[in-house]
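Nothing in this text is a laboratory measurement; each read-out follows from the coordinates by a stated rule. All of these numbers come straight from a predicted model, not from anything done at the bench. Note that each Cβ is placed from the backbone with ideal geometry, even for glycine, and that neighbours are counted across all protein chains shown.
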Amino acid sequence: MKTIDVCLSPDLMHLYNVRDKTVVVVDILRATSCMTTAFAHGIESITPFAKLEECLAMKAHGYFTAGERDGKKVDGFDFGNSPFEYMHESLKGKNIAFTTTNGTQAMVKADGAREIIVGSFLNLSSVEAYLRNGANNVLVICAGWKGKVNLEDTLFAGALVELLKDHIEPDCDAPLAAQHLYNLAKNKLFDFLKDSSHVKRLNRLNIQKDIEYCLTTNLYSVVPVLHNGKLVIA
Ligand code: 3SL
């Protein structure tokens, strides 16, 4: 049977070997939810960057620049990190250079994996089917917050472990812990997360609608995959 493991923070990546794995990068609030939304609305590609300057430099190559630091849109960028910004007709067929505090950092850290895909509650079923039908063992990398573990990414990892339990077995205790947590929370995700650190942080920015949206399951069927440094639709 294939296996699934969960890396609860990018700072624990040194404990995992990604080389033969399909890695699912998850940053529910809000980077991977934005990416999923953008592809569902016709974006051509998203190139993830760890550094602001590298991202900004892509403007000269005709890219839109997007992302945030500490939840806020970066000066000089075209877009921030609200999923609602990625629904516009005008973005259809366009290329975006994207950098965020945690999500794109986790993606860059997964470099060397056999395959890197983007997961969110918005495309949960499609990611589950993709992993079930794929040939590789799976590692879910939770983006967390500046090296710390967070609840929302752990819950998504647990949802995958739960949905895949008849096909892919947990490799260690982190996937089991995530699965138990998800089973506790699955019927009340929003309520379960109300005291979590990032929900409080985003509430201070007055973006509760983003949180509700990012916790919606199975709105879209796209699975973004990293190909030659660019995310495109699988
Ligand atoms: O850290 C990230 O990658 C972001 O998604 C954080 S925020 O939701 O924009 O604050």
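Sorted from fewest to most neighbouring beta carbons within 10 Å, what does the list VAL74, VAL140, VAL108 look like? Walk me through the numbers on the way to the answer.
Working: VAL74 20, VAL140 29, VAL108 17.
By the 10 Å Cβ count, ascending, the order reads VAL108, VAL74, VAL140.
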For this session: List MET87, MET1 from most exposed to least, where exposure is judged by having the fewest other Cβ atoms within 10 Å.
Result: MET1, MET87
Seminar exercise, completed: The size of the Cβ-based charge dipole (Lys, Arg +1; Asp, Glu -1) of the range 2-233 about the Cα centre, to the nearest 20 debye, is 300
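Work out how much length GLU44 to ASN203 would gain on full extension: take 0.36 nm times their residue separation and subtract the Cα-Cα distance, in nm to one decimal.
Length gained, GLU44 through ASN203: 54.1 nm.
Kindly provide the GluC sites (Glu not before Pro) of the range 122-203 that DSSP labels as loop, not H, G, I, E or B, and whose Cβ sees at most 13 other Cβ atoms within 10 Å.
Working: sites: GLU128, GLU152, GLU162; in loops: none.
Within the range 122-203, no GluC sites (Glu not before Pro) qualify (loop, at most 13 other Cβ atoms within 10 Å).
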Problem set entry | Relative contact order computed over the range 8-124 (Cα-Cα under 8 Å; 6+ residues apart), in percent | 43
Exercise. To the nearest 10 degrees, how steeply does helix 151-163 sit against the main Cα axis of the chain, on a 0 to 90 scale?
Worked result: 50
For this session: Please state, as a whole number in µm²/s, the translational diffusion coefficient that the Stokes-Einstein equation yields for the chain at 10 °C and 1.306 mPa s, with Rh defined as the Kirkwood radius across alpha carbon pairs.
Result: 92
For this session: Place a +1 charge on the Cβ of each Lys and Arg in the range 120-187 and a -1 charge on the Cβ of each Asp and Glu, then give the dipole magnitude about the Cα centre in debye, rounded to the nearest 20.
Result: 200
Problem set entry | Positive-end residue, the chain charge dipole about Cα centroid, Cβ charges, pick of THR47, ILE207, ASN102 | ILE207
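Given Cα pairs under 8 Å that are at least 6 residues apart, what percent is the relative contact order of the range 83-202?
Relative contact order here is 20 percent.
Pairs of Cα atoms under 8 Å, at least six residues apart: use those to get the relative contact order of the chain, whole percent.
Working: 498 pairs, mean separation 77.4, N = 234.
For the chain, the relative contact order is 33 percent.
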